[in-house]
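Q: Once you've had a glance at the structure underneath, I'll fire off some questions.
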Amino acid sequence: MEAGREGVKAPPPIPRIDPEQPGGLAEGGSAVGGLLLGLGLAVLVLVNNDSSDPFGETMERVATAALACLPGLLCLLAGRRRPPLYLAGGMIGVAIPMLLGSIVGVGFWIPAGLAFVAYGRRSGSVRGRVADPVVALVCFVLALTALAAMFVHQDPACSIRANASECTSDYVTSFEGFVSVAITALTLIMGWTLSRPSDHAL
C-alpha cells in the first residue's frame, strides 16, 4: 500500500492567467488606434490657432482635443478587468464626427468598431458592481455634456484682423473651455470608478 501511494503523483498546478495581461488585436487596436487618432487630431487643432484672442481660442481647441482623445483613453483604461469601458469608448467613437462636427472624425469609426469587438470578447468575463450598459451610458452622457458646455451659452464676438473682420454668434470662452475639459476628465474618473470589478479590493 505504501509503495502504491508513493507512485501516485499529484497533478501539475493549473497555470494562473493574469487578467491584467494585454489582450489581442481588438483590445490593442481600439486603445492604440483611438488614442493615435485622437492625438493626431489634437495636434491639428492645437497648432492651427490664428485667433485675435489666442487664449480663448486655445481653450476651445484644448477642449476639442480632449474629446478626441477620450475614446482611446477609455479603451486604454479598460484592459481585461473593465470591459464596460470598451463599450463606452465605442459609443463615443461612433459619435465623434457629430461631437466634433467634422467629417474627419469618421476615421474614429475603425477603432470604435474594434472597441465593440473587444467588449463582445470581454463582456461577462469580469463581474462589475454596475451593469455594463449603465457605465457606458454614463460616460456617453458626460461626453455629450462636455460638448454642450462649450455651446450652452451664446457668446457673440467679433475678431478684427489686418484686412477683414469676422463675427460669430457663439464664441467659446476660456471658462467654457475649462468646464468642458473638466467634464471630459470626470468622464474618465467616473468610467474607471463605475467599471470597478466586484472582486476588486479598492
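The values are calculated or read from the model by the stated rules, or taken from the named source; none is laboratory data. Treat the numbers as computed from the prediction; the structure is a model and nothing was measured. Cβ sites come from the backbone with ideal geometry, for glycine too, and all protein chains shown count toward neighbours.
Q: Those residues that are of a type in the set (Gly, Ala, Ser) and either at pLDDT 85 or above or in a loop (DSSP other than H, G, I, E, B) (or both), I need them from the stretch 92-116; list them, please.
A: Residues satisfying the conditions are 93, 95, 101, 102, 107, 112, 113, 115.
Q: When you look at residue 186, is it surrounded by fewer than 20 Cβ atoms within 10 Å (Cβ to Cβ) and modelled with pLDDT of 95 or more, yes or no?
A: It is true that residue 186 is surrounded by fewer than 20 Cβ atoms within 10 Å (Cβ to Cβ) and modelled with pLDDT of 95 or more.
Q: Search the stretch 120-147 for residues that are touching a residue at least 12 places away in the same chain (Cβ under 8 Å) and under 16 Å from residue 196 (Cβ atoms) and pair each with any residue that is in a helix (DSSP H, G or I) and polar (S, T, N, Q) when their beta-carbon atoms are under 6 Å apart and the residues are at least 6 apart or on different chains.
A: Close Cβ pairs (under 6 Å, with a partner that is in a helix (DSSP H, G or I) and polar (S, T, N, Q)) amount to 139/187.
Q: Another question, then. From 6, 20, 2, grab the single residue that is at pLDDT below 80, of a type in the set (Asp, Glu) and within 28 Å of residue 136 (Cβ to Cβ).
A: 20
Q: Still on this structure, please answer the following. Working carefully through the options 126, 94, find the one that is over 18 Å from residue 69 (Cβ atoms), buried (at least 17 other Cβ atoms within 10 Å of the Cβ) and aliphatic (A, V, I, L, M).
A: Selected residue: 126, the only one of 126, 94 that is over 18 Å from residue 69 (Cβ atoms), buried (at least 17 other Cβ atoms within 10 Å of the Cβ) and aliphatic (A, V, I, L, M).
Q: Here is a follow-up. Among the residues of the stretch 38-50, is any assigned to a helix (DSSP H, G or I), surrounded by fewer than 21 Cβ atoms within 10 Å (Cβ to Cβ), at pLDDT 85 or above and of a type in the set (A, V, I, L, M)?
A: yes
Q: Among the residues of the stretch 79-92, what is the count of those that are within 20 Å of residue 149 (Cβ to Cβ) and touching a residue at least 60 places away in the same chain (Cβ under 8 Å)?
A: The number of residues fulfilling the criteria is 1.
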